[in-house]
Structures are given as structure tokens and as C-alpha cells.
Amino acid sequence: MSYDPLNSLTRKEGRASADRSTLDALLDEVSVGVLSTVLDGMPWSVPMLFARDGDNVILHGSTGAGALRQVTEGAPAAFTVYSLDGYVVAYNAFESSANYRSAVLRGTLVHLSGDSAVTGLERLTDRLFPGRTGEVVPSTRKELAATVCLALPIREGSWLYRGRVGGSEPPEYDDATVPAAPVWTGIVPLRLTAGEPQRDEWNHDDVPIPESVRAIQRHYSR
């Protein structure tokens, strides 16, 4: 098999994974990625909320966003997601690192319209705010007309996953680098957590916190 630089790591090949379930787990855990393409010969990137819906990554934006029209009209794009899981504190700065999971998906985005766009936006909403579409009124025609809904297909050979787990390697000192005292090494775990919901000032005090908000808290307390 010929070497493909878009689907291979040039170093530390063991950090790559071709397991689709590993990719799906990352896409289902994080909520923000970076969409990138080339616009008028220059690189263009924008962070975006997203949701995985089966074999597609669902994105949305304003129809007034000029740069977004580039990918809407079929320009090839890349979508990057990342989770920083911890700092790896080694015996020296060179060996110190981080534990992480990341993925880059490539392809051409599909512009969803009509019922497909409505379904896509509902899936995106319920992924970010579980069950929220059942708690609020549907979007108006004006709101739907102002929103572009896109799907990036997840196809074999069009994505690259890599990650790092574990601590640092044991030190390899020479006579010139032996520390005067033992050096602490280890991992500082990191994770995103949800705080207590804060009600808008204009929102009535007697309106209970909905299940969709509690679901967000549960998601980020695991």
C-alpha cells in the first residue's frame, strides 16, 4: 500500500487509530471543532458547534456568512476536533507532553435543504441541548431561511484519528544532567465540567430548570 500523507502519521505511528468507534466516541463527547478550507487562495478556519448524526457531522451557520458559502458550494474542507485530557509532567521539559484525542475529517460538505435541513438542525440542537426541541416552539420559516445546514460525510479513508495516553518514560540521565534532588513526574488530568445553571435576569424565577439543561450537566459530570 502506498504512503498517504493525509491518512498517516510521520512519527509515533502508534498514536493513530483506524477504529471507527474510537472516532465516534470523540465526536460524541466534544461539541466544538474547526472547519477549514481555502478562500481566494488564503487559508480560512472558523470554530463551529457540531453534532455527529450517524455517518455525518452536522454543522450550521448564517446564510449571510460569505466565507461559509465557499464550502456550501462544494469547496473541499477539513474539520478538526480535539480533546485535551491531561498534562504529562516528565523529568525534563523536552519529554513533557500532553494526553489528548484528536481527529481530522476531510471531504466535501453537503448542503441540506427542506425537510433534511429541519431534521439536521433538530439533531444538532438535541445533541447540544438533549431534548430541547421538545421543550420549545419550532423554528420559524424566517429563522430557517437565515440558517444554512451542512453535513460532512464520515467516509473510510477520509479521516485521521490520533491520541496519547499514559505517563512519561523513565528518565535517562547522563553525568551532566543528573538533578541535585529527585524530580516529580506524573499526570495532571483535565476535563470540561458544567457549573450550576445561571438564569437570565429577565427569566421568571418560578420557571423550573428543564430536563435539557440537567442533561447538559450530566454530560459534563462524567
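The values are calculated or read from the model by the stated rules, or taken from the named source; none is laboratory data. This structure is a prediction, so every number in the text was calculated from the model and none was measured. Glycine also receives a Cβ, built like all others from the backbone with ideal geometry; neighbour counts cover every protein chain displayed. For accessibility, only protein heavy atoms count, side chains too; no ligands or nucleic acids. Shrake-Rupley method; radii C 1.70, N 1.55, O 1.52, S 1.80 Å.
Relative to the longest principal Cα axis of the chain, at what angle does helix 20-29 sit, 0 to 90 degrees, rounded to 10? For helix 20-29, the angle is close to 70 degrees. Please list, in chain and number order, the residues 5+ apart from residue 190 or on another chain whose amide H is under 5 Å from its amide H, with Hs placed from the backbone. Those qualifying (amide H under 5 Å, at least 5 residues apart or on another chain) are 86, 87.
Taking amide hydrogens as placed 1.01 Å from N in the peptide plane, the amide H of residue 96 sits under 5 Å from those of 90, each at least 5 positions away in sequence or on another chain.
Placing unit charges on the Cβ atoms only, positive for Lys and Arg and negative for Asp and Glu, gives the chain a dipole magnitude near 340 debye about its Cα centre.
In this entry, region 54-151 is assigned a mean projected area of 9.0 nm², taken as a quarter of its C-alpha convex hull surface. A protection proxy built from the mean count of other Cβ atoms within 10 Å ranks the segments 18-25, 53-60, 126-133, most packed first, as 53-60, 126-133, 18-25. Oblate is the label for region 83-222, because a/c, from the alpha-carbon gyration tensor with a ≥ b ≥ c as root eigenvalues, is 1.5 or above and a/b does not exceed b/c.
For n ≥ 4 DSSP H runs only, could you compute -39500 (n - 2.57) per run for the chain, divide by its residues and tell me the 222 nm figure to the nearest 500?
Details: 5 runs with 44 residues, N = 222.
For the chain, the value works out to -5500 deg cm²/dmol.
Using a 1.4 Å probe over the heavy atoms of the protein chains, calculate the carbon and sulfur portion of the accessible area of region 21-122 as a whole percent. C and S atoms contribute 57 percent here.
Selection among 64, 185, 171 by position relative to the dipole of the chain gives 64 as farthest towards the positive end (Cβ unit charges, Cα centre). Put simply, the amide H of residue 57, placed in the peptide plane, has neighbours under 5 Å in 152, 154, leaving out anything fewer than 5 places away on its chain.
Rounded to the nearest 10 degrees, the angle from helix 114-128 to the longest Cα principal axis of the chain is 50 degrees. For the chain, the solvent-accessible area works out to 64 Å² per residue, with a probe of 1.4 Å and every protein chain left in place.
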